[in-house]
Every structure is written in C-alpha cells, then in structure tokens.
Amino acid sequence: MLNVGLVALLTAFQPSTPAQPALKGQVCTARELVGTWQFTSKPSMPMPGTTTVLKYITPTHFLVVRIGAKDVVTSAHGGPYTLAKGIYTETLQHGFGELFEMARGASVALQCRLNGDILHIIGEIQGTKIDEQWRRATGTSGQR
C-alpha cells in the first residue's frame, strides 16, 4: 500500500509538463517558494495521524522528509529544481527509501501556484493525477 510520502516521491517519474486544468492563485516565484512547507492534503490519500511530511525549498534545491512515529525520518528525497512560468520541476538526485531507489535521477514537472501561505502543485505520473497542498510552516506548525 502506498502512503503519502511515497506517492510524493513517485512524482519524480514524470518528466513532461503536466496537462492539468489551471490552478487558482499566483504563479509561483522563486522568492515566494523558498521556505519550509508542511504537507496538508492529497484528496485521494489521507495522511496518517502520526506522520508529518516537510518540504524544504532553497533558491536552488528541495528536500522532502517524511517523519514517522517517535520523530524518526522514514524516507527522504531531494535535489535541484527549476521554476519557469509556473512550472516547478524537481529532479530526484538523493534520498533513501524504496521509491527513491525506483525514481533516482527522474524529473517531474508540476503546475505550481501560491494562494497566501498555501502551495498547490498538480501534475500527472504514469496516468495517476498528483494534487498536493502544502502550508508554509511557521513557528511550531511542523510539530505534531
């Protein structure tokens, strides 16, 4: 059974620009994208109550970590990204976990919009739609 952290990693398999409906909000800009984001929702897959997924975005790289019980990181993946005209493309260069091993080196292009402190990305991987929302982490919002 796939879980939220693993599905996020699967997005690395899709190299082309996603053919999805337009998203609401402002087109992502590099300046606004930089920060720490906490995963909040994926309509097709609920988040287990003891799991936190954080995405760290710098001006050049991203890192996604999945934190399970007892604050142990259970999987991670990251690498460089590009951002052009609202398309956020991640390239999976490093990490650990079963799906990282399957997706190593792959890239995924996602539509990217910001609505206040909500980051919304959508795309498609091998016929499966990806629709994720992340909230900018502030203070203790990343804690369980």
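Based on this model, can you work out whether Thr36 counts as under 13 Å from the mean Cα position of the chain (by Cα) and either closer than 27 Å to Gly25 by Cα or in a strand (DSSP E or B) (or both)?
So Thr36 passes the test.
Tell me which of these Val72 doesn't satisfy, since it passes every other one: (1) at pLDDT 90 or above; (2) within 23 Å of Gly25 (Cα to Cα); (3) β-branched (Val, Ile, Thr); (4) exposed (fewer than 14 other Cβ atoms within 10 Å of the Cβ).
(2) is the only condition that Val72 fails.
In the list Glu90, Glu101, which residue meets the criterion of being acidic (Asp, Glu), surrounded by fewer than 14 Cβ atoms within 10 Å (Cβ to Cβ) and either over 18 Å from Ala137 (Cβ atoms) or touching a residue at least 40 places away in the same chain (Cβ under 8 Å) (or both)?
Glu101
List pairs: first in segment 63-86 and on the phi < 0 side of the Ramachandran plot and in contact (Cβ under 8 Å) with a residue 24 or more places away in the chain, second among the basic types (Lys, Arg) and in a strand (DSSP E or B), Cβ under 6 Å, 6+ apart or cross-chain?
Val64/Lys55; Thr74/Arg66; Ser75/Arg66
The values are calculated or read from the model by the stated rules, or taken from the named source; none is laboratory data. From a predicted model like this one, the values you see are computed outputs, not experimental measurements. When we count neighbours, we look across all protein chains shown, and the Cβ atoms used for this are built from the backbone with ideal geometry, even at glycine.
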